[in-house]
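Engineer: One structure, as structure tokens, below. Some questions next.
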Amino acid sequence: MSALTSTRAWPTRWAAGVLAGLALLLGGAMAQEVALDSALNEQVLQIPKGGGLFTLHLETTLYKPPGEGPFPLVVINHGKSPGDPRFQGRYRPSLAARFFLQRGYAVIVPMRQGFSKSEGSYIGGGCNVESNGRVQAEDVKAVLDYATAQVWADKSRILVMGQSHGGWTTLAFGALGYPGVRGLVNFAGGLRQDQCAGWESTLGRAAGAYGKETRLLSLWFYGDNDSYFAPTTYHPMFDNYVAAGASAQLVAFGKFGSDSHAMFGSSQGVGIWQPRVLAFMQAVGLPTEVTQPQFVPAPPMPIPPATDFAALTDVDKVPHVGDKGREGYKLFLTKQLPRAFAIAPGGAWAWAEMGDDPLQRALTNCNKHAKATPCRLYAVDEHIVWVQE
């Protein structure tokens, strides 16, 4: 993996219930864990936006350390999956939440209007991507208005970040000049609109419009094999942003797996973004010391090396499993990172997503149905790891 850092003007995806990160489909049956992640003190709130007859409620996940606070705040903004936003599941960025909980932060993850169980309708704005971002940012503002009014919140120390459409929302939010926000972190931010002529140039101009109104420092992460935003798209976005007067650092980290767009959610991506984000937090005066060691996870199961057994999306190549297993694999491919899919001779299979150690959880649940031969991992995150024996 190559790495390149460019610095300029910087001074120093309607689900029933709540998935706990595991669904097992076998023999036509489906079992779901619906409990919240107690290890991360996970809560789900419905936060009001607006007032009176026009009040909407935004489904928001909160991860909070024990105690009364006040805790510095991190907002993590979600991306946009293909299809109807109402069928997009609640975003649960557990890897990142744990990282910040260790350091004493409360982590707020709002589902914007029209997404998942949030009320209202998604406002796309057609081809006006600048307007799209600004509308999305209003939902972030509504959630922060609620959070900063709570006694456990330190409203003077806030970090706002997001991935994909959430990264774009973060950049638009930066133009609001919200009090107490120290910095912005953008992971592969943007909105790809192939149906709009010249969408790449439009994205670049909109980034410049945000930059003209933003006085916060920002940190941008993009990779060379991003399936949404190629270097020829994100470099002009960044250039226009800083040329308009904003202060930003671009971390162009080269290739990552089969799609660098997935870096932030992958367990293999933490070595790329966490050290950079820690340095950024220090630069903007946010705490970085581990003060909540109970959130430091046990060492996870090592990820096997990627193999060339099959393409990740080649469902027919998955060995051992029958038609139901292949349907389960299709479902696995829609899940959030980190994730793992396990199989065994005889047809047993299972997958797990997010949370602590999805590799071990997938194997454990697969082995509940395995026969003489134990389960092995077939796919992890964006990689096939299966070795034919």
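Engineer: If you place +1 on the Cβ of every Lys and Arg, -1 on the Cβ of every Asp and Glu, and leave all else neutral, what size is the dipole of the range 87-230 about its Cα centre, to the nearest 20 Debye?
Structural biologist: Value, rounded to 20: 480 debye.
Engineer: Please give, to one decimal in nm, the separation of the simple spin-label points placed at ARG86 and LEU53, each 7 Å out from Cα toward the Cβ.
Structural biologist: In this crude spin-label approximation the distance works out to 2.2 nm.
Engineer: Next question. Can you work out the PRE-style zone for GLU213? Point 7 Å along Cα to Cβ, and I want the residues of the range 170-188 with backbone N under 16 Å.
Structural biologist: 170-179
Engineer: If the only charges are +1 at each Lys and Arg Cβ and -1 at each Asp and Glu Cβ, what is the size of the charge dipole of the range 197-287 around the Cα centre, to the nearest 20 debye? Write down the numbers at each step before the final one.
Structural biologist: On the way: 5 positive and 6 negative charges, 49 e Å.
It comes to approximately 240 debye.
Engineer: So what does log10 I(q)/I(0) come out to for the range 112-200 at q = 0.11, 0.15, 0.25 Å⁻¹, using the Debye formula with one equal point on every Cα and no solvent?
Structural biologist: -0.33, -0.59, -1.32
Engineer: Could you size up the charge dipole of the chain around its Cα centre, putting +1 on the beta carbon of Lys and Arg and -1 on that of Asp and Glu, and report it in debye to the nearest 20?
Structural biologist: The dipole of the chain has a size of about 400 debye.
Engineer: Take the Cα radius of gyration of the range 265-350 and divide it by 2.2 N^0.38 Å, with N its residue count; two decimals is plenty.
Structural biologist: Here the answer is 1.54, to two decimals.
Engineer: Where Rh is the Kirkwood radius over the Cα pairs of the range 197-316, the temperature 37 °C and the viscosity 0.692 mPa s, what D in µm²/s does Stokes-Einstein return?
Structural biologist: So the translational diffusion coefficient is about 193 µm²/s.
Engineer: Over the chain, give the accessible area per residue in Å² for a 1.4 Å probe, as an integer.
Structural biologist: Here the per-residue accessible area is 41 Å².
Engineer: At 7 Å along the Cα-to-beta-carbon direction for both ASP316 and VAL44, put a label point, then send me their distance in nm to one decimal.
Structural biologist: It works out to 3.8 nm between the two label points.
Engineer: Same structure, new question: Suppose the Debye formula is applied to equal point scatterers at every Cα of the chain; what is log10 I(q)/I(0) at q = 0.14 Å⁻¹?
Structural biologist: Values, matching the q order: -1.26.
Engineer: If one computes P(r) from the Cα atoms of the range 256-295, what percent of pairs lie at distances over 10 Å? Kindly include the intermediate steps, with their values, before the conclusion.
Structural biologist: Numbers: 574 of 780 pairs.
Value for the range 256-295: 74 percent of Cα pairs lie more than 10 Å apart.
Engineer: Enumerate the aspartates and glutamates that LYS324 could reach by cross-link, defined here as Cα to Cα under 18 Å, with residues fewer than 8 away along the same chain left out.
Structural biologist: ASP314, ASP316
Engineer: Can you send over the carbon and sulfur percentage of the accessible area for the chain, probe radius 1.4 Å, protein chains only?
Structural biologist: Of the solvent-accessible surface of the chain, carbon and sulfur hold 56 percent.
Engineer: What percent of all Cα-Cα pairs in the range 156-201 falls into each 5 Å bin, going from 0 up to the bin containing the maximum distance?
Structural biologist: Histogramming the range 156-201 at 5 Å steps yields 6, 22, 24, 19, 14, 7, 5, 2, 0 percent.
Engineer: Scale the Cα Rg of the range 73-224 by the rule-of-thumb value 2.2 N^0.38 Å and send over the ratio, two decimals. Mind dumping the intermediate values first?
Structural biologist: On the way: Rg = 14.9 Å, N = 152, 2.2 N^0.38 = 14.8 Å.
In units of the globular-protein estimate, the range 73-224 measures up at 1.00.
Engineer: Under a plain spin-label model, where a point goes 7 Å from the Cα along Cα-to-Cβ, how far apart in nm are LEU331 and GLU289?
Structural biologist: About 4.7 nm separates the two model spin labels.
Engineer: Quick one: of LYS317/LYS371; LYS64/LYS371; LYS64/LYS330; LYS141/LYS335, which pairs are farther than 32 Å apart, Cα to Cα?
Structural biologist: Details: LYS317/LYS371 21 Å; LYS64/LYS371 41 Å; LYS64/LYS330 34 Å; LYS141/LYS335 28 Å.
Flagged as over cut-off: LYS64/LYS371; LYS64/LYS330.
The values are calculated or read from the model by the stated rules, or taken from the named source; none is laboratory data. This one's a predicted model, so the numbers in the text were calculated from it and none came from an experiment. Glycine also receives a Cβ, built like all others from the backbone with ideal geometry; neighbour counts cover every protein chain displayed. Surface areas here come from the heavy atoms of the whole protein model, side chains and all, with no ligands, DNA or RNA. Shrake-Rupley method; radii C 1.70, N 1.55, O 1.52, S 1.80 Å.
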